[in-house]
Amino acid sequence: MVNGMKDYEFQNECVEFLIDKTVDINSKQVITVKAPTGAGKTVILIKYVDEYLKNTDGHTAFVWLCPGKGNLEEQSKGSMENLTPQRDTRNLMYSMLSGFEPGSVTFINWELVTKKGNTALKDSERSNLFEKIAEAHKDGTRFVVIIDEEHMNNTKKADDVISAFVAKNIIRVSATANKVPHQEFYEIPEDEVINAGLITRAIYVNEGVDESREIENDYDYLLELADEKRKEIAELYKQMKVSIRPLVLIQFPMGQPETIKAVEDKLSSMGYTYDNGMVNIWMSDEKIVGDDLTNLDGSAAFLLMKQAISTGWDCPRAKILVKLREGGSEDFQIQTIGRIRRMPEGKHYGINTLDYCYIYTLDTNYKMGLLSSLDKAYQVRRLFLKDEAKELSLVKELRDLDFDGLGERETLIKVYEHFKKKYNLGNNKNINRENLEAGGYNFSHEIDSKILQGIFKNTEELANGGADNTIKIKTMVNTHSHGIYLLHSVDAIKKVTGMQSQKVKNILRRMFSKGKRTKYKFVALENADFYAFIINNVQRLKMDFKEVTSGLGGVQMSLKLEPKTTTFTIPEMEIYKYSEVKKRTVFRLNAYKEYTNEFIVGKLRSEPERLFERYCERNENVQWFYKNGDAGQQYLSIVYVDGVGKQWLFYPDYIVHMKDGTDWIIETKGGEVAGHSKNIDMQVVNKFNAFKNYAENYHLKWGFVRDESEDLFINNTEYVEDMADEHWVDISEAF
């Protein structure tokens, strides 16, 4: 027991695991702990550090990294000072003055070392940080790095800081961690934390949402339900003679002023204001918080917040979370639920209403974690270019920023012709509507959504909520409050097409909205119905617009396009992701030294890429081959033009240098399985034609390569999807 803290067996078992792994010289460097919110991970880490320093040689310094949002490093440092006052706790600036001394625990706000701006370290201070680390190593100090809420900082700058400590062990802790092969892993079962009474027995989502009722206003409806539940919980606490005031958290994903104002007005109409202390707000740019906010009997009944306090903030009386939609379809980040899962007195009451927590949201997608693929399954390694590949020089194409593609009218005509042909549309608007409905378009007057409703035992069950827990709801269109939903939908189409938002919106209105201009009009929807049509059909509209851009209308325009050019050489150093394999094999013909089969495992390379690299490695005519990057100024790029004249860059997959001095540039695409194409690139023909022009202009060998039954075929004449066509030939016939 640490300074009077109650012991829980699951916490002590985790501490023992950490001790065992960090004293074992053969353990893997990274130790990942998956600890549900409410498990007391700060207490676990404090106990671990204390036990480690008590029972080892004392030559270790700890570095405890916390996300900057919510001042978590100050809270963690304060907790350690209370629980283990004998320990040497300090902040980053103190250690930069006195050095990282053995036995010390330095708490660091991530933003100090990773964020640009006023709160970041200056270049001179940053250099001093690395110097102090080097001095500690020189004095024989070992480091153990603790990364709290590790999903929050997954950047190259963060990785550079971690790497500088050259830590014996890196302990990563998160509620959403994943087990990966190259790390030690420990999971605290959520059920054990529930059984200990520390967190709620279940999560109740959208209790009382009535699918038979048309919702007039999202915010009003959810806030009324949440307040009704808050009052019910408060009354039960009162009956039990427990002095706890339940708190409702209202989360705004983006914190847009108009959304906040609408919620403030609604709360005010219900009798809750900042002035009477019943409402608090905690945003990055505004904070009105009472001194007693985190007290069990605090005065505030509602707290308006952004993602800023989704981690590193503890208020056990928070029981209800209202997650509002500001763009129509944001994912629900499940980490946020941790704010309402703690039991206020660390025990269950035996009454479901008090032993559950509550979520009210019209979100449709729930995300379990924020970890990138790099932390999920891969490590990275720096590789250096072989001398023989340093001489390569090719022309790299860049977009001509003076070339802006088709105008709005020409684009409208292309989109119009696509819809007309695909859905058999004409001048009769009633028939047009029937044909569009037959094609899958929804003409509901309301905004249709499918949402979760039900009781979930844990966050994993919630993240995997199935059809049995889904209900349909209808929301009446309000052109004022749903304006941002419309913009969000238009923006989603813009992202897949590259068109400007206003151009997309104008085209949609010309084709589907009531107006004076009738040419190009398929249906004439009233304004509210137009909003509903776009919002309800955004996924289908995205697909249709993508099909328009994949057409060949841009080929003629490409004749006018003269891309900017610069020189490409292969980067002398590259950082590649890799994953451990049982049998490590060096690829002797890769352009980089020490390039192995670890870099071409299934989740890092597509099947045609893996087959092609192995083909090159076996080919006696190949001198070396290079895997080009997927995006970035340092890689080889070629300009292509889509069906509406929009310029894009694509990055061919490989450069192959042959022993006879010729260079091949290769793009790999999904092949065929049992006669069915695996290619998912809708722009493949436009890329093929641009690639062909590029190769002819610069006298290069080239080709698209696809796979079938582990055999490779190449095409550099005319693109056809069917690989049985004569244009696809066995790759061995080419090189």
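The values are calculated or read from the model by the stated rules, or taken from the named source; none is laboratory data. Predicted, not measured: the structure shown is a model, and the values here were computed from it. Positions of Cβ are generated from backbone atoms using ideal geometry, with glycine treated the same way; all protein chains shown enter the neighbour counts. Surface accessibility is based on the protein's heavy atoms, side chains included, excluding ligands, DNA and RNA. Shrake-Rupley method; radii C 1.70, N 1.55, O 1.52, S 1.80 Å.
For this structure, a couple of remarks:
- Hey, K701 surrounded by fewer than 19 Cβ atoms within 10 Å (Cβ to Cβ), closer than 18 Å to Y626 by Cα and out of contact with any Lys or Arg (no Cβ under 6 Å at 6 or more places or on another chain) or not: yes
- Test for F691: is it closer than 24 Å to T566 by Cα, assigned to a helix (DSSP H, G or I) and open to solvent by less than 50 Å² (accessible area, probe 1.4 Å): yes
- Enumeration of residues in the range 592-608 that are closer than 18 Å to V380 by Cβ and either buried (at least 17 other Cβ atoms within 10 Å of the Cβ) or within 30 Å of the chain's Cα centre (by Cα) (or both): Y592, Y595, T596, N597, E598, F599, I600, V601, G602, K603, L604, R605
- Residue check, A234 surrounded by 19 or more Cβ atoms within 10 Å (Cβ to Cβ) and either touching a Leu at 6+ places or on another chain (Cβ under 6 Å) or of a type in the set (A, V, I, L, M) (or both): no
- Given (1) in contact with a helix residue (DSSP H, G or I) (Cβ under 7 Å, 6 or more places away or on another chain); (2) outside any strand (DSSP E or B), index of the condition T668 fails: (2)
- Tally of residues being over 30 Å from the mean Cα position of the chain (by Cα) and either over 14 Å from H657 (Cα atoms) or not in a loop (DSSP other than H, G, I, E, B) (or both) across the range 614-626: 9
- Answer residue from the range 251-269, given it is buried (at least 16 other Cβ atoms within 10 Å of the Cβ) and of a type in the set (A, V, I, L, M, F, W, C) and is modelled with the lowest pLDDT among those: F252
- Helices (runs of 4 or more DSSP H) enclosed by the range 1-110 - at least 1 residues per element that are open to solvent by less than 70 Å² (accessible area, probe 1.4 Å) and over 30 Å from T459 (Cα atoms): 41-55, 92-98
- Residue in the range 241-283 that is nearest to I337 (Cα to Cα), counting only those that are of a type in the set (D, E, K, R) and assigned to a loop (DSSP other than H, G, I, E, B): R245
- Meets criteria (small (G, A, S), open to solvent by less than 20 Å² (accessible area, probe 1.4 Å) and over 28 Å from the mean Cα position of the chain (by Cα)) for G629: no
- With respect to the stated conditions, K583 fails to be open to solvent by 70 Å² or more (accessible area, probe 1.4 Å), within 22 Å of A389 (Cα to Cα), at pLDDT below 90 and not aromatic (F, W, Y).
- Y719 hydroxyl-bearing (S, T, Y), within 22 Å of G629 (Cβ to Cβ) and at pLDDT 90 or above: no
- A count restricted to the range 284-306 and to residues that are outside any strand (DSSP E or B), surrounded by 13 or more Cβ atoms within 10 Å (Cβ to Cβ) and at pLDDT 85 or above stands at 11.
- When L604, L611 are checked against the criterion of being in a loop (DSSP other than H, G, I, E, B) and under 22 Å from I666 (Cβ atoms), a single residue qualifies: L604.
- Matching residues, the range 514-535, being surrounded by fewer than 20 Cβ atoms within 10 Å (Cβ to Cβ) and either closer than 26 Å to W648 by Cβ or not hydrophobic (A, V, I, L, M, F, W, C) (or both): K514, G515, K516, R517, T518, K519, Y520, K521, E526, N527, D529
- Candidate set: the range 628-665, residues that are among the hydroxyl-bearing types (S, T, Y) and in a strand (DSSP E or B); chosen: the one nearest to I600 (Cα to Cα): Y654
- Residue within the range 652-674 that is in contact with a strand residue (DSSP E or B) (Cβ under 9 Å, 6 or more places away or on another chain), open to solvent by less than 30 Å² (accessible area, probe 1.4 Å), hydroxyl-bearing (S, T, Y) and touching a residue at least 12 places away in the same chain (Cβ under 8 Å) present: yes
- Filter result for M476 (open to solvent by 60 Å² or more (accessible area, probe 1.4 Å) and hydrophobic (A, V, I, L, M, F, W, C)): yes
- Selection from the range 275-290 of residues that are under 21 Å from K319 (Cβ atoms) and of a type outside the set (A, V, I, L, M): N276, G277, N280, W282, G290
- Every residue from the range 310-340 that is part of a loop (DSSP other than H, G, I, E, B), open to solvent by less than 10 Å² (accessible area, probe 1.4 Å) and modelled with pLDDT of 80 or more: C315, R317, L324
- Contact annotation: residue pairs with Cβ atoms under 7 Å, 6 or more positions apart or on different chains, pairing a residue in the range 471-486 that is in contact (Cβ under 8 Å) with a residue 12 or more places away in the chain with a partner that is assigned to a strand (DSSP E or B) and open to solvent by 20 Å² or more (accessible area, probe 1.4 Å), are K472/D448; K472/K450; K474/E214; K474/D448; M476/E214.
- Checking L198 against (1) crowded, with 17+ Cβ neighbours inside 10 Å; (2) at pLDDT 90 or above; (3) farther than 29 Å from K457 by Cβ, the condition it does not meet: (3)
- Counting the residues of the range 466-488 that are acidic (D, E) and touching a Lys or Arg at 6+ places or on another chain (Cβ under 7 Å) gives 0.
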